[in-house]
Amino acid sequence: SKKINLSRPSVKERIDKMLDKGIIEHFTVIVDPKKIGRKLVFYIELANLNISHNTFVEKMLEKEIITEIHAVTGKNNYIMKASTPDVETMNELLEELMGYGKVETSIVLNSPLKRKVLLPFNEDDEN
């Protein structure tokens with residue numbers, strides 16, 4: 001409230017309005033995977049899925065090491081993010097996924113931009 005020169009009740013009121021409108025979906029804690037023993041973070045691209053999409057998603061939702069699942073357009077059916085303590089655990093997951101389709105993996109070396117605060121889109125702004 002100090003940074004934007006508003007009282008705490010005013011800030012709370014604005015936050016409550018954004019929650020009511022669905023602009024803010026929820027609040028969360030962001031955990032650094034490496035600090036909890038998940039030293040390897042990687043993305044998995046899966047193409048040519050050979051089981052139903054619903055069955056595949058259900059199976060992936062059961063896996064704690066998979067942290068994101070995105071159905072995408074283009075050559076792939078899904079792009080997923082995962083984190084494991086070591087290469088062996090990553091390989092076990094990849095061996096299983098190879099049974100569902102064509103798998104390509106990219107290991108994250110570093111992340112210059114992990115997340116960005118989203119502001120309302122203004123058509124007058126160029127970028």
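Throughout, read-outs are computed from the coordinates displayed, never taken from laboratory work. All values reported here derive from a predicted model rather than from experimental measurement. Using ideal geometry, Cβ is built from the backbone for each residue, glycine included, and neighbour counts are taken over all protein chains shown.
Considering only Asn110, Asn77, Asn91, the Gaussian network model of the chain with Cα springs below 10 Å gives its largest mean-square fluctuation to Asn110.
When the Gaussian network model of the chain links Cα atoms closer than 10 Å, the mean-square fluctuations of Ile24, Ile65, Ile36 top out at Ile24. Net charge of the neighbourhood of Ala47, taken over other residues with C-beta under 14 Å away and scored Lys/Arg +1, Asp/Glu -1, is 0. Dividing the convex hull volume of the alpha-carbon atoms in region 33-120 by its residue count gives 129 Å³ per residue. Neighbours of Ile23, meaning other residues whose beta-carbon lies under 13 angstrom from its beta-carbon, give a summed charge of 0 when Lys and Arg score +1 and Asp and Glu score -1. Think of each Lys and Arg Cβ as +1 and each Asp and Glu Cβ as -1; about the Cα centre, that makes the dipole of the chain roughly 700 debye. For the peptides 95-104, 49-58, residues were scored by their other Cβ atoms within 10 Å and the scores averaged per peptide; the highest-first order is 95-104, 49-58. Between the helical axis of 87-97 and the longest alpha-carbon principal axis of the chain there is an angle of about 80 degrees. Counting only other residues whose beta carbon sits under 11 Å from that of Thr84, what net charge do I get with K and R as +1, D and E as -1? Counting the neighbours of Thr84, the net charge comes to -1. Cross-link check: pairs Lys12/Lys34; Lys35/Lys81; Lys35/Lys63 evaluated at a Cα-Cα cut-off of 26 Å; pairs beyond the cut-off: Lys12/Lys34.
Sorting 41-47, 115-121, 5-11 by their mean Cβ neighbour count within 10 Å, with the most densely packed peptide first, gives 41-47, 5-11, 115-121. Candidates Leu49, Ile36, Val72 compared by Cα position along the dipole of region 31-125: farthest toward the positive end lies Ile36, with charges placed on Cβ.
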